[in-house]
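Notes for the one structure printed next.
The values are calculated or read from the model by the stated rules, or taken from the named source; none is laboratory data. All figures in this text were calculated on a predicted structure; none of them were measured in a lab. Here the Cβ positions follow ideal geometry from the backbone for every residue, glycine too, while neighbour counts run over all protein chains shown. Keep in mind that these areas ignore ligands, DNA and RNA; they rest on the heavy atoms of the full protein, side chains included. Shrake-Rupley method; radii C 1.70, N 1.55, O 1.52, S 1.80 Å.
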Amino acid sequence: MKKLLITTGGGDCPGLNAVIRAIVKSSSADENWEVYGSVEAFEGVLSDPPNLIELSLEKVAGIHVKGGTILHTSNTKNPLNYPIKQVDGKWHYEDISDLLVQKLKGFDAVINIGGDGSQRISDVLSKKGIPVIGVPKTIDNDLIGTDYTFGFQTAVQTATDSLDKLVSTAESHHRVMIMEVMGRDAGWIALHTAMAGGAEVCLIPEIPYSIDKIVTRIQARYAVGKGFATIVIAEGAKPINGTVISSLGSLHSEHVRLGGVAFALSQQLKEHGCTAEIRETVLGHVQRGGIPIAFDRYLATLFGVKAFELVQSSDFGKMVAIRGNKIVSIPFQEVTNSTKKIEVDGFEIQAAKIIGISFGD
Ligand code: F6P
């Protein structure tokens, strides 16, 4: 029997379980394969004894509707920069990819489901001779090479439902409601939510905003008697000549933590003469949790089936992707060098402006 290992790395995301189920179901039709899941990304393979779960059809039955990942995950134990020991209160990190390669030698294929950080690990392992396939995951939708990642649409749906609810209070109290969404350095969640939910203002990392322009926009809206406004702001947005709002990430995390920009904007608006009453909502991890919507289950399932197809044909060193409605595969090198941002001069921003959304530019 050949052995296939599945890992889920980075932040959790709606649809991860649907990918796992699709891989296990595909492989069950080919009797040559046993499938294992590594618990908490690569930690399960690295630990002694290994912490693996045998993934049978029974084990994955019905999991496509569940959020999170049955394999658990971690975004603080990157094998390329692994926390080794603490000396005088300072952590020392080492690249332990060679050790990981040794531990993976018993597997005939690895399917690594994760975002940009995870796919960088896939790329390194692949270059060191491990047969790896990547599956793109992130609610941020910022992975290059794929039109969509699963989890994104669920996050947008949750954010849009929340914005719809905020409109009730905005309208009833004549308030300005600011809603902060995730997305790191890309504004995909914010743009889709603002468009779907009919926000007046959408602030994204790709377009630094002028506070005065937003105030003018809000005052003009109040002047014609609309009496309320909604603003969707991405956590990575910043004013012209300003900086993003961040704090230290969790221990061993590669990322600073973004967040708090809704409160900063509220303050800025008041300081620049906005007279309306303002309230702030930070959606946070609510938009990353819960059951995946149908599209994400569908996309995750297509990705899982495609990933196993690549395993069967020994077409390793690639990440599955969706491009123009086709499920394809692309070499890791195409994925790992940058993030996918919204084109500032593209049709989506143009369309949003035509229907009256202000980006504060
Ligand atoms: O990448 C997904 C994401 O949810 C980002 O949108 C957000 O900035 C980050 O992860 C939050 O990470 P954590 O769960 O470690 O706080």
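Rounded, prolate or oblate: which one fits region 197-243, using the alpha carbon gyration tensor with axes a ≥ b ≥ c (rounded when a/c is under 1.5, else prolate when a/b beats b/c, else oblate)? Don't skip to the end; give the middle numbers.
Working: a/c = 3.70, a/b = 1.71, b/c = 2.16.
The shape class here is oblate.
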Q. Once the Cβ-Cβ distance between Lys353 and Lys66 is put in as r, and R0 is 35 Å, what FRET efficiency do you end up with, to the nearest 0.05?
A. 0.35
Q) Which values of log₁₀ I(q)/I(0), to two decimal places, follow from the Debye formula for region 21-146 at q = 0.11, 0.16, 0.19, 0.22 Å⁻¹ with a uniform point scatterer at every Cα? A) -0.42, -0.89, -1.22, -1.52
Q | Heavy-atom surface of region 75-130, accessible at 1.4 Å and reported per residue (Å²) | A | 50 Å²
Q) Picking from Gly284, Gly225, Gly183, which is most flexible by a Gaussian network model of the chain using Cα springs under 10 Å? A) Gly225
Q) Regarding the chain, what is the average projected area of its C-alpha convex hull, in nm²? A) 19.3 nm²
(Q) Can you find, among Phe228, Ile214, Ser162, the residue sitting farthest towards the positive end of the charge dipole of region 105-233, where Lys and Arg contribute +1 and Asp and Glu -1 at Cβ? (A) Ile214
Q: For the chain, give the share of DSSP beta bridges that are antiparallel, in percent and rounded to the nearest 5; count only bridges with both residues there.
A: 35 percent
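If you add up the charges near Ala307, with Lys and Arg at +1 and Asp and Glu at -1, over every other residue whose beta carbon is less than 11 angstrom from its beta carbon, what do you get? Mind dumping the intermediate values first?
Working: positive: Lys306, Lys318; negative: Glu309, Asp315.
Value of the local net charge: 0.
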Q.
5 Å is the cut-off here: which amide hydrogens, built 1.01 Å from N in the peptide plane, fall below it relative to Ile111, excluding neighbours closer than 5 in sequence?
A. Leu5, Ile6, Thr7, Ile133
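More than 19 Å apart: what percent of Cα pairs in region 290-361 qualify? Numbers along the way, then the final one.
Details: 1454 of 2556 pairs.
Value for region 290-361 (Cα pairs over 19 Å): 57 percent.
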Q. What are the residues whose amide H is under 5 Å from the amide H of Lys137, where those residues sit 5 or more places off or on another chain and H is modelled from the backbone?
A. Gly114, Gly115
Q. Taking a probe of 1.4 angstrom, what is the accessible area of Glu54 in Å², to the nearest 10?
A. 110 Å²
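Return one whole number: the accessible area per residue of region 177-232 in Å², for a 1.4 Å probe. Don't skip to the answer; put the middle values down first.
Working: 1660 Å² over 56 residues.
Computed with neighbouring chains in place, this is 30 Å² per residue.
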Q | Most fluctuating residue given options His255, His72, His64, as computed from a GNM of the chain linking Cα atoms under 10 Å | A | His255
Q. Roughly how big is the chain's charge dipole about its Cα centre, with Cβ charges of +1 (Lys, Arg) and -1 (Asp, Glu), in debye to the nearest 20?
A. 240 debye
(Q) Quick one: 3J(HN,Hα) in Hz for region 334-343, Karplus 6.51/-1.76/1.60 with θ = phi - 60°, rounded, Gly and Pro as x. (A) 6, 9, 8, 8, 7, 10, 8, 10, 6, 6
Q | Chain lengthening between Ser168 and Gln86 when straightened (0.36 nm per residue, less Cα-Cα) | A | 24.4 nm
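Roughly how many percent of the accessible protein surface of the chain is carbon and sulfur, given a 1.4 Å probe and a whole-percent answer? Before the final figure, lay out each step's value.
Working: 7870 of 15650 Å².
That fraction is 50 percent.
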Q) When the helix-only estimate is applied to the chain (DSSP H runs of n ≥ 4, each -39,500 (n - 2.57), divided by the residue count), what is the mean residue ellipticity at 222 nm, nearest 500 deg cm²/dmol? A) -10500 deg cm²/dmol
Q. If the cut-off is a Cα-Cα distance under 15 Å, which aspartates and glutamates reach Lys213, setting aside same-chain residues fewer than 8 apart in sequence?
A. Glu200, Glu271, Asp361
Q: Step through the table entries Lys77/Lys341; Lys306/Lys326; Lys3/Lys77; Lys127/Lys326; Lys2/Lys77; Lys3/Lys85, compare each Cα-Cα distance with 21 Å, and write down the pairs that go over it.
A: Lys77/Lys341; Lys3/Lys77; Lys127/Lys326; Lys2/Lys77; Lys3/Lys85
